[in-house]
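The values are calculated or read from the model by the stated rules, or taken from the named source; none is laboratory data. Bear in mind that the values here come from a model prediction, so they are computed numbers and not experimental data. Every residue, glycine among them, receives a Cβ derived from its backbone with ideal geometry; neighbour counts consider all protein chains shown. To get the accessible areas, we keep the full protein, side chains included, count just its heavy atoms, and leave off ligands, DNA and RNA. Shrake-Rupley method; radii C 1.70, N 1.55, O 1.52, S 1.80 Å.
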Amino acid sequence: MSDVLAITEHRRGELRDVSFELVTAGSDLVGETGGDLHLAVIGGDVDAFADELALDGVDTIHTVPEGDEFNHDVYVQAIAALYEELDPTYVLMGNTVNGLDYAPAVAEQLDIPLVTDAIGLQNDGNLVVTREMYASKVESTVEVDADHAAVTIRSAEWEPTEAAGEPAVEAFDFELDESRVRSRVTGFEEVGGGDVDISDADVLVSVGRGIEEEENLELVQNLADALGATLSSSRPIVDNGWLPKDRQVGQSGKVVTPKVYLAIGISGAVQHVAGMKGAETIIAVNTDPDAPIFDIADYGIVGDLFDVVPELIEQFE
Ligand code: FAD
């Protein structure tokens, strides 16, 4: 029997998708080991979050009403206290900006091994974690030869759990050591005026090197406008300085999981695909019928984007 403690995430009053993916990863794991799945909700409107997280497979939700937003020191203290109380075999966290901030400190404090960026988890006596290596060209398996372990899971690798459940909700009796809280969030200023977060978009129009010139970006922006979509891109567009870094999809950009992802003039390099393969429907426009993007696209148009995109805009308008 191995219990799992999964640490949920929220931002600006909303649970992040990875929280629901952690439920799936955690309940799959306890399904194999026969233990309980505990969720931690730290900070924010913990009661509302607990309601949302009352999902199938969750045994207990522990709420820690400390602060509105993520705080490294609060998270590390709260997780360490929960770990001491519950003695879970595994601690699961998101391989997110926040998760990668606190997970190493948690592992260090608890003196347990940490495996980051998991894309698969199994328990065959020991925990076996699947990871990608060498820019996603190779999959490796890491067998954790230890009684306890911490793991961060990659976004969009597990389906989010949606089915309702009836977990117990318990306010965790936790006393924060204020003297060990070294920073406080005093306010937020969103990059780019706060209107764009490609990881939250339902529809993304993503543009690649096939667009050729910066002035041609207007064409794909018009397509995004016609669809009510958000514009994102592959890395060369960002490297050229044509779009800001927060629009980049991929291994060194953002992981996105929109309902629809239109890849316009993007070849489908592994580093790009690593960031968008979780999209529900992928539509690709490319002149090259052998472009790797067509291997993962649900719909493909082999054609010149300068012909296809104006036609799409006309149709959508
Ligand atoms: P290309 O590969 O040059 O593809 C352009 C495509 O456009 C081609 O398939 C071509 O057939 C098509 N095309 C050309 N003209 C037209 C036209 N008129 N109409 C329609 N189609 C046309 N890349 C990312 O995107 N995100 C990342 O986060 C990322 N991280 C990386 C991290 C590392 C460590 C490394 C080494 C690389 C990374 N890359 C990343 C780069 C990645 O390897 C590719 O170089 C990049 O994704 C290619 O971008 P692209 O598809 O826009 O360009």
Quiz prompt | By accessible area with a 1.4 Å probe, ligands and nucleic acids excluded, highest first: order of I264, I119, I301 | solution = I301, I119, I264
Quiz item: Considering only protein heavy atoms, what is the solvent-accessible area of T96 at a probe of 1.4 Å, reported in Å² to the nearest 10?
Solution: 30 Å²
Exercise. Grab the other residues whose beta carbon is less than 11 angstrom from that of I282, score K and R as +1, D and E as -1, and report the net.
Key: -1
Exercise. Rounded to the nearest 10 degrees, what's the angle between the helix 97-110 long axis and the longest principal axis of the chain, both from Cα atoms, 0 to 90?
Key: 30 degrees
Self-check item: Computed FRET value (nearest 0.05) for A226 with D111, which takes r as the C-beta separation and R₀ as 41 Å
Solution: 0.15
Quiz item: Of E108, E189, E218, which has the largest mean-square fluctuation in a 10 Å C-alpha GNM of the chain?
Solution: E189
Quiz item: What does the helix-only formula give at 222 nm for the chain: each DSSP H stretch with n ≥ 4 adding -39500 (n - 2.57), the total divided by the residues, and the result rounded to the nearest 500 deg cm²/dmol?
Solution: -8500 deg cm²/dmol
Quiz prompt | Exposed-site-free run, longest, the chain (rule: trypsin sites (Lys or Arg not before Pro); DSSP loop; at most 16 other C-beta within 10 Å) | solution = 13-136
Quiz item: What's the FRET efficiency of A168 with I296 using the Cβ-Cβ distance as r and R₀ = 30 Å, to the nearest 0.05?
Solution: 0.15
Practice problem: Please give the helix 305-316 orientation as an angle from the longest Cα principal axis of the chain, in degrees from 0 to 90, rounded to the nearest 10. | Solution: 70 degrees
Quiz item: Hey, what angle do you get for helix 17-33 against the long axis of the chain, alpha-carbon based, 0 to 90 degrees rounded to 10?
Solution: 50 degrees
